[in-house]
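*Asks:* Take this structure first; my questions come after.
The values are calculated or read from the model by the stated rules, or taken from the named source; none is laboratory data. Keep in mind that what you see is a predicted model, and the values were worked out from it rather than measured. Neighbour counts run over all protein chains shown; Cβ positions are idealised from the backbone, glycine included.
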Amino acid sequence: MQFGVCYYPEQWPEPRWEIDAALMADLGLDLVRVAEFAWSSYEPQRNQFTFEWLDRALETLTRHGLRVVMGTPTATPPVWLARERPDILSVGSDGRRRSYGSRRHTCTTSAAYREEAARIVGELLGRYGNHDAIVAWQVDNEMGNHDSARCWCEECQAAFSAWLQMRFGSVDALNEAWGTAFWSMTYPDFESVQLPVPTMTSHHPALRLAHAKFASDQSIGFLRLQFGQVRAVVPDGVAITTNFYSEDTAVDQRAAARLSGLAAMDNYPQGPQDPMTTAYHLDLTLWAGGLDGSAWIMEQQAGPINWTEKNPQVPDGQVRVWAWQAALHGYDAVLFFRWRASRYAQEMYHSGLLRHDGSPTGAVAEIKAAIAEIAATDLDTPTPKVALLQSYKDVWAIEINPHRAGLTHRSMQLDAYVAARRLGLDVAIVDSMDDLSEFEWVLAPALHITTPERISALEAALDAGAKVVLGPRAMVMDRENAWSEEALPGGMTGLLGARVVETLSQTADVRVDPWGTKAGIWTEVFEVNDAEVIATYSGGTYLDGRPAAVRKANLYYAGFSNVASWTRLLASLTGREPSSRHVETFERGDRVFSIDHKALTVENRRVDHASEAP
Ligand SMILES: [Zn+2]
């Protein structure tokens, strides 16, 4: 496992670089990410390149044994470019063109921006494509962050019409698939299908899902061009990736990771606030590149951040625990953000490993200790037997039609994920079209969209011997976000021996028996044909005694949306006992590691139960 840091030599006086590089090497770091926001520092005016400072920065880092992750700079184009070619700038749903002066203000569809991106990446590759110190390239940065993936410019409008035409062939086919007879929304031609600009009330859910897919596709197309450019130049063995902020869902992270097989995420646990949510995001990115893929944390929080509501302190011991959590989840590299707190601009209150004055924070000693501890520990790669099915189309479809405030795709995913983790099970978060044949358990809450391909994939998993557990909002919509014509779960009722006949937003204190746990804010009601009832609702006048979970052979369906109920369900099915929610355990070879996220301790013991500190 490698460790590193994000460094901005262009923001510090050159005589300081030597001191910084020596400190990084002393800390035991391997990797330094540079230049992903440095465009205006090496091209201050069109075609006037000043790469010499970056040459010297790389030379300084290399001399101290550090290796480099080179960023392409397309998340922050320079002011002169925005002034010269304003058509690179994206447009909001209000029709206003976004301004320079911050970041991520460009349109990924814009022909001008694609041309400028190819030009600057070509320049960068011409100079550094074969540089000995560079072991990885990071393309762009946090695609989709700040709600930047969706654009309403004229080029996006034209591209959206073409995208729809390619998809449907005829506008009649679109009208039929979307059911536009509703509210007299029938489109006379593709050009009439507007990007979803503000309307009197909500927009058509099929249009919104199409727009979400289209916008993600445009971002992936933009990334694909750069991945191709970089791959064509750099030596074999140099890694290529792009990094996503863990909470962002507007761009299909899995599609991006599969451009190279290496996924990357930016991990700020004080964003989601909950260690199990952090664990979920770690596993989501880890498996994004495929079952053989690998993943890096390109930015790891190492102190207080500056962009949440409260930005609390980071307690002593926390940074070490975050490093261990990444290692135990199976990450190959962790780069801490950032080396030194900035004296300027938008992130002044974001901490660094060094304070603004250059003195070390407490995180430095913790990182040094964690690097030594983890290097001295033989950690087997996780080999999960549990798959949790996730797709961005399901995320978007439920975001568009949540039906109940507070009910999200992620909240339903977390019910099952946290339950499995509390039982000490590693979880691979994968797509339903991935190879599921090696998994013993396939968990599928909020698998919202039903397609013939999905049904076949679940049937294949059952045929291979897996136990498949569907959960709330499973297989409701067709691929265009129209309600399935079949009984629910669409296409699976025969195998389940039951069907979902009602879906209820819950306000009463409904429980699930035999466990007495809460049912959650979403409950589904079954009509049972030849399934076994394995749990029932109690406490709600209407739901009292009705089935809450059913099973036929190896296919299960849980109708509730609460983590305690999911934990009891999976505990009863696996014969395991749950840990506390703040304790994560990892079975690795002949040892069991446990992280107590409240006490901030990491311990391991042999399977024979002899305890010792790592
Ligand atoms: Zn656009």
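*Asks:* Kindly indicate whether R63 is in the same structural domain as L23 (by TED's automatic domain parsing), away from the ligand (no atom under 16 Å from the Cβ) and farther than 30 Å from S216 by Cβ.
*Replies:* Numbers: in the same structural domain as L23 (by TED's automatic domain parsing): yes; away from the ligand (no atom under 16 Å from the Cβ): yes; farther than 30 Å from S216 by Cβ: yes.
Criteria met by R63.
*Asks:* Let me ask something else about it. When the stretch 527-538 is examined, which residues are found to be under 37 Å from the mean Cα position of the chain (by Cα) and either among the small types (G, A, S) or within 17 Å of P489 (Cβ to Cβ) (or both)? Break it down into steps so the answer makes sense when it comes.
*Replies:* Initial filter on the stretch 527-538 (under 37 Å from the mean Cα position of the chain (by Cα)): 527-528, 531-538.
The answer is E527, V528, A531, E532, V533, I534, A535, S538.
*Asks:* So is R98 within 14 Å of the ligand (Cβ to nearest atom), free of Cβ contacts under 8 Å to residues at least 12 places away in the same chain and buried (at least 16 other Cβ atoms within 10 Å of the Cβ) or not? Outline the logic, then answer.
*Replies:* Values: within 14 Å of the ligand (Cβ to nearest atom): yes; free of Cβ contacts under 8 Å to residues at least 12 places away in the same chain: yes; buried (at least 16 other Cβ atoms within 10 Å of the Cβ): yes.
When the stated conditions are applied, R98 passes them.
*Asks:* Residues that are closer than 19 Å to R338 by Cα and out of contact with any Lys or Arg (no Cβ under 7 Å at 6 or more places or on another chain), at least 3 per element: which helices (runs of 4 or more DSSP H) completely within the stretch 36-117 meet that?
*Replies:* 52-63
*Asks:* Working only within the stretch 184-193, note down all residues that are touching a residue at least 12 places away in the same chain (Cβ under 8 Å) and farther than 18 Å from A162 by Cα.
*Replies:* If the condition is that a residue be touching a residue at least 12 places away in the same chain (Cβ under 8 Å) and farther than 18 Å from A162 by Cα, then M185 is the only one that fits.
*Asks:* Only strands (runs of 3 or more DSSP E) wholly contained in the stretch 226-331 count here; list those with 3 or more residues that are of a type outside the set (K, R) and crowded, with 24+ Cβ neighbours inside 10 Å. Can you show your working first?
*Replies:* Numbers: elements: 239-241, 243-245, 262-267, 294-301.
In the stretch 226-331, 262-267, 294-301 are the strands (runs of 3 or more DSSP E) which contain 3 or more residues that are of a type outside the set (K, R) and crowded, with 24+ Cβ neighbours inside 10 Å.
*Asks:* Okay, moving on. Of these, A466, A457, which one is at pLDDT 95 or above and under 24 Å from V563 (Cα atoms)?
*Replies:* On the way: A457 fails: under 24 Å from V563 (Cα atoms).
Testing whether each residue is at pLDDT 95 or above and under 24 Å from V563 (Cα atoms) leaves just A466.
*Asks:* Here's a follow-up. Here is a list of conditions, (1) closer than 24 Å to A250 by Cβ; (2) in contact with an Asp or Glu (Cβ under 7 Å, 6 or more places away or on another chain); (3) of a type outside the set (S, T, Y), and V171 meets all of them except one; can you say which number that is?
*Replies:* Every condition holds for V171 apart from (1).
*Asks:* Based on what the data block shows, is T503 in a strand (DSSP E or B), over 24 Å from V427 (Cα atoms) and at pLDDT below 95?
*Replies:* Details: in a strand (DSSP E or B): yes; over 24 Å from V427 (Cα atoms): yes; at pLDDT below 95: yes.
Taking the combined requirement at face value, the residue satisfies it.
So that you can scan it fast, the table gives a plain yes or no per residue for (1) in contact (Cβ under 8 Å) with a residue 40 or more places away in the chain; (2) under 25 Å from A326 (Cα atoms):
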position	(1), (2)
T507	no, no
A519	yes, no
T536	no, no
T574	yes, no
R605	no, yes
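*Asks:* Have a look at T180, T186 and point out the one that is in contact with a Phe, Trp or Tyr (Cβ under 7 Å, 6 or more places away or on another chain) and either closer than 30 Å to M70 by Cβ or surrounded by fewer than 19 Cβ atoms within 10 Å (Cβ to Cβ) (or both). Outline the logic, then answer.
*Replies:* Details: T186 fails: in contact with a Phe, Trp or Tyr (Cβ under 7 Å, 6 or more places away or on another chain).
After applying the criteria, what remains is T180.
*Asks:* State all residues of the stretch 141-185 that are more than 16 Å from the ligand (Cβ to nearest atom), touching a strand residue (DSSP E or B) at 6+ places or on another chain (Cβ under 7 Å) and part of a loop (DSSP other than H, G, I, E, B); if no residue qualifies, say none.
*Replies:* If we filter the stretch 141-185 for residues that are more than 16 Å from the ligand (Cβ to nearest atom), which is where we start, we get 141-142, 145, 165-185.
If we keep only those that are touching a strand residue (DSSP E or B) at 6+ places or on another chain (Cβ under 7 Å) as well, we get 141-142, 145.
Passing the criteria: N141, E142.
*Asks:* What single numbered condition from (1) closer than 24 Å to D509 by Cα; (2) more than 29 Å from the chain's Cα centre (by Cα) fails to hold for S565?
*Replies:* Every condition holds for S565 apart from (2).
*Asks:* Same structure, new question: If we keep just the residues of the stretch 122-140 that are in a helix (DSSP H, G or I) and surrounded by fewer than 22 Cβ atoms within 10 Å (Cβ to Cβ), which is nearest to the ligand (Cβ to nearest atom)?
*Replies:* At the first step, the residues of the stretch 122-140 found to be in a helix (DSSP H, G or I) are 122-128.
Pick out the ones that are also surrounded by fewer than 22 Cβ atoms within 10 Å (Cβ to Cβ) and you get 122-123, 125-128.
Working: G122: 23, E123: 24, L125: 26, G126: 29, R127: 30, Y128: 30 Å.
Within the stretch 122-140, the match that is nearest to the ligand (Cβ to nearest atom) is G122.
*Asks:* Being acidic (D, E), within 16 Å of the ligand (Cβ to nearest atom), in contact with a helix residue (DSSP H, G or I) (Cβ under 9 Å, 6 or more places away or on another chain) and more than 18 Å from A397 (Cα to Cα): is that true of E191 here?
*Replies:* Numbers: acidic (D, E): yes; within 16 Å of the ligand (Cβ to nearest atom): no; in contact with a helix residue (DSSP H, G or I) (Cβ under 9 Å, 6 or more places away or on another chain): yes; more than 18 Å from A397 (Cα to Cα): yes.
It is false that E191 is acidic (D, E), within 16 Å of the ligand (Cβ to nearest atom), in contact with a helix residue (DSSP H, G or I) (Cβ under 9 Å, 6 or more places away or on another chain) and more than 18 Å from A397 (Cα to Cα).
*Asks:* Quick check on this structure: which one of E14, E10 is in the same structural domain as W296 (by TED's automatic domain parsing), free of Cβ contacts under 8 Å to residues at least 60 places away in the same chain, surrounded by fewer than 22 Cβ atoms within 10 Å (Cβ to Cβ) and in contact with a strand residue (DSSP E or B) (Cβ under 9 Å, 6 or more places away or on another chain)? Spell out the reasoning first.
*Replies:* Values: E14 fails: in contact with a strand residue (DSSP E or B) (Cβ under 9 Å, 6 or more places away or on another chain).
Only one candidate qualifies: E10.
*Asks:* Collect the residues in the stretch 514-550 that are surrounded by fewer than 18 Cβ atoms within 10 Å (Cβ to Cβ), charged (D, E, K, R) and part of a loop (DSSP other than H, G, I, E, B), keeping them in residue-number order.
*Replies:* Matches in the stretch 514-550: D530, D544.
*Asks:* Let me confirm something: among P44, P77, P73, which residue is away from the ligand (no atom under 16 Å from the Cβ), in contact (Cβ under 8 Å) with a residue 12 or more places away in the chain and buried (at least 21 other Cβ atoms within 10 Å of the Cβ)? Spell out how you get there, then give the answer.
*Replies:* Working: P44 fails: buried (at least 21 other Cβ atoms within 10 Å of the Cβ); P77 fails: away from the ligand (no atom under 16 Å from the Cβ).
The match here is P73.
*Asks:* Let me ask another. Residues of the stretch 483-505 being of a type outside the set (A, V, I, L, M) and without any contact (Cβ under 8 Å) to a residue 40 or more places away in the chain, which ones? Walk me through how you get there before you give the answer.
*Replies:* As a first pass, look at the stretch 483-505 and keep what is of a type outside the set (A, V, I, L, M): 483-486, 489-491, 493-494, 497, 499, 502-503, 505.
Passing the criteria: W483, S484, E485, E486, T493, G494, R499, E502.
*Asks:* Out of all the residues in the stretch 212-228, is one or more more than 16 Å from the ligand (Cβ to nearest atom), assigned by TED's automatic domain parsing to the domain that holds Q300 and over 21 Å from the mean Cα position of the chain (by Cα)?
*Replies:* Start the filter on the stretch 212-228 by keeping residues that are more than 16 Å from the ligand (Cβ to nearest atom), which leaves 224, 226-228.
With assigned by TED's automatic domain parsing to the domain that holds Q300 added as a condition, the list becomes 224, 226-228.
Imposing the further condition that a residue be over 21 Å from the mean Cα position of the chain (by Cα) reduces the set to 228.
Checked against the condition, which is being more than 16 Å from the ligand (Cβ to nearest atom), assigned by TED's automatic domain parsing to the domain that holds Q300 and over 21 Å from the mean Cα position of the chain (by Cα), the stretch 212-228 yields at least one hit.
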